[in-house]
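A short worksheet on the structure shown next.
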Amino acid sequence: MLAVDIKNLTFAYDGGAPVLRDICFSVSAGEAFVIAGPSGSGKTTLCNILCGVIPNAVKGDLSGQIAIMGIDPREAGLPQTALCAGMAFQDAESQIICTTVEDELAFALENLCRPPDEIRQRVDELLIEFGLISLRGASPNSLSGGQKKLLTIASVLAPSPPILILDEPMSGLDAEGRELVLSAIERQKSRGRTVIVVEHDMKLAGFADRWLLLNNGKIAACGKPSDIQRDENLLGELGLFVP
């Protein structure tokens, strides 16, 4: 089954030139998929399309075929798409809105009007899974950078979307924080969840089944990491670190 199926996708923000041009790729259910490329190549824009932020919240000219777990975000709308694909943004602090860790994890479920007992059970599961149980009542502002990233990941996973999208989740973290995030990614992959990660440091992308490289809004390469790494000239041109 395909978790993501994109054909001939082109997008331009209102009044601008195309940021993405004729993008075609698919992601199988349960696959770990890394999107990489130079700054400004369209990585974050592509992720915002996959999770429905574009065009439901951010407008622009979007064309092509888009299927996320079989639905088109343009027709389904942002709330329904979010149940299929949850996205944690690069800046964790911008995504955190509640005053305690526990409330942050419960927020999405409360908005979905889930029963209180179900919310408490799911919050407890997430606190344990992400190692945040001792921080249940803590302010998110008191967390380390790695813990904040874990909190945002756990929050988007609260409704159990089958697709998890992470925009440069290890950006700005120290070695300990990166290890926390990598462990979380590996755990989701082992459980069969589709994981799509934007990354610029390819030495941190060893968990991926495939890489998609973007350059100037177009696909430069898509395939197994071992195959792409053979093209050292391409990786050099894109400024990507070769493991």
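Take VAL58 and ASP201, extend 7 Å from each Cα along the Cα→Cβ direction, and tell me the distance between the two endpoints in nm.
Roughly 2.4 nm, to one decimal.
Return the FRET efficiency for the residue pair ASN111, ALA17: r is the Cβ-Cβ distance, R0 is 41 Å, and the value is rounded to the nearest 0.05.
Calculated value: 0.70.
For the pair GLN229 and LEU2, how long in nm is the line joining their label points, each one 7 Å along Cα→Cβ?
Computed distance between label sites GLN229 and LEU2 equals 2.9 nm.
Pairs to check: LYS43/LYS189; LYS7/LYS149; LYS149/LYS189. Give those whose C-alpha atoms are more than 23 Å from each other in this structure.
From the list (LYS43/LYS189; LYS7/LYS149; LYS149/LYS189), the Cα-Cα distance tops 23 Å for LYS7/LYS149.
For the chain, what is the relative contact order in percent, using Cα pairs closer than 8 Å and at least 6 residues apart in sequence? Don't skip to the end; give the middle numbers.
Numbers: 463 pairs, mean separation 64.6, N = 243.
The value is 27 percent.
Calculate the spin-label point distance for SER139 paired with GLU176, positioning each point 7 Å from the Cα along the beta-carbon direction, and give it in nanometres.
With each label placed 7 Å out from Cα toward Cβ, I get 2.1 nm.
Give the residue from PRO162, THR152, THR194 lying farthest towards the positive end of the charge dipole for segment 138-243; charges sit on Cβ (+1 for Lys and Arg, -1 for Asp and Glu) and the dipole is referred to the Cα centre.
Going by the Cα projections, it comes out as PRO162.
For a footprinting-style exposure proxy, rank GLU176, GLU125 by other Cβ within 10 Å, fewest first. Walk me through the numbers before you get to the answer.
Details: GLU176 10, GLU125 15.
With the fewest neighbours first, GLU176, GLU125 line up as GLU176, GLU125.
Give me the net charge for the shell around LEU126: Cβ to Cβ below 13 angstrom, other residues only, Lys and Arg +1, Asp and Glu -1.
Numbers: positive: ARG120, ARG122, ARG136, ARG187; negative: GLU102, ASP103, GLU104, GLU118, ASP124, GLU125, GLU129.
Summing Lys and Arg as +1 and Asp and Glu as -1 gives -3.
Under 12 Å Cα-Cα from LYS224, which aspartates and glutamates qualify once same-chain neighbours fewer than 8 residues away are excluded?
GLU31, ASP209
Using a Förster radius of 41 Å, what is the FRET efficiency between LYS218 and SER94 based on their Cβ-Cβ separation? Nearest 0.05, please.
0.90
Laboratory data are not the source of any read-out in this text; all were calculated from the coordinates shown. Everything quoted here is computed from the prediction, not taken from an experiment. A quick note on method: Cβ atoms are made from the backbone with ideal geometry, for glycine too, and the neighbour counts reach across all protein chains shown.
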